[in-house]
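**Student:** What follows is a single structure, and I will ask about it in a moment.
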Amino acid sequence: MPYAGRTNAVHSALKALGWARLLVVAVVLVLGCARIEPPYCIKVIDGDTLDVWTGEKIERIRLIGVDTPETKDPRRKVQRFGKESSTFLRKTIKGKTLRLERVEKDAYTRTLAFVYLPDGRCVNDLIVKEGYGYAFVKYPFPGIERLKAFEAEAREAKKGLWRDFAYERFYAGNLSSRVFHRPSCVYAKRLDQDKRIVFETRKRALELGFAPCGSCRP
Ligand SMILES: [Zn+2]
């Protein structure tokens, strides 16, 4: 049985290789961890939230001015593109020392911050630029105009979540809240006739100072 001997030899060689590989992986991990200076990410919660080890404590960071599709809200189904957004954030910041520019705390005591990569790029900007999230303009923050412009560019270039984004034939605005919707939105359907205004394009609604609905994302 010549093959038996050979198989055994191959088997033990593989076994030895297995241990060697494990050792290499362990060494790389230890060295790798030692090399990253805090603050660095220890966990990505979703596309716009992460846990950071500051060197002293774990701090939950919510990227300011950015909103990505939900992946974790138990009341909602995973929104389209939620997973892609989390993956993008994870890949972008993995193994890097981050610079945090803390702006304020939100109602959930998360730190609202801009996060910067070692090469100086702003992660908040990248997410919106590459179409992995929206500019979150409900509350004012420094840099709001910059993020709005990045969103318009990403939408124009059909990047990321704008790739197969459907444009509507018209949009319905609410004259009292100054918010506009897709015609299929529940809020558009509930709109009283005397409060309703119709826009032919999204651009027109924005020009007249109407804000896009946070639910139907027109
Ligand atoms: Zn709506």
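**Student:** For the list (1) more than 22 Å from the chain's Cα centre (by Cα); (2) surrounded by fewer than 13 Cβ atoms within 10 Å (Cβ to Cβ), I need the number of the one condition that P142 fails.
**Tutor:** P142 satisfies all of (1) more than 22 Å from the chain's Cα centre (by Cα); (2) surrounded by fewer than 13 Cβ atoms within 10 Å (Cβ to Cβ) except (1).
**Student:** Is it the case, given these coordinates, that T92 is without any contact (Cβ under 8 Å) to a residue 12 or more places away in the chain and under 15 Å from the mean Cα position of the chain (by Cα)?
**Tutor:** Taking the combined requirement at face value, the residue does not satisfy it.
**Student:** Of everything in region 163-190, what is within 10 Å of the ligand (Cβ to nearest atom) and polar (S, T, N, Q)? Give them in sequence order.
**Tutor:** Within region 163-190, N174, S184 qualify.
**Student:** Also: Kindly indicate the residue of region 194-215 that is in contact with a strand residue (DSSP E or B) (Cβ under 6 Å, 6 or more places away or on another chain) and within 12 Å of the ligand (Cβ to nearest atom) and also nearest to D67 (Cα to Cα) among those meeting that condition.
**Tutor:** The extreme case among them is C213.
Residue-by-condition table, conditions (1) touching a Gly at 6+ places or on another chain (Cβ under 8 Å); (2) closer than 21 Å to L147 by Cβ; (3) modelled with pLDDT of 85 or more:
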residue: K57; (1), (2), (3): no, no, yes
residue: V78; (1), (2), (3): no, no, no
residue: S86; (1), (2), (3): yes, yes, yes
residue: T92; (1), (2), (3): no, yes, yes
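**Student:** Quick check on region 49-71: of everything there that is polar (S, T, N, Q) and under 19 Å from C216 (Cα atoms), which residue is surrounded by the most Cβ atoms within 10 Å (Cβ to Cβ)?
**Tutor:** This residue is T68.
The values are calculated or read from the model by the stated rules, or taken from the named source; none is laboratory data. Computed from a predicted structure; not experimentally measured. Glycine gets a Cβ as well: all are built from the backbone with ideal geometry, and neighbour counts include every protein chain shown.
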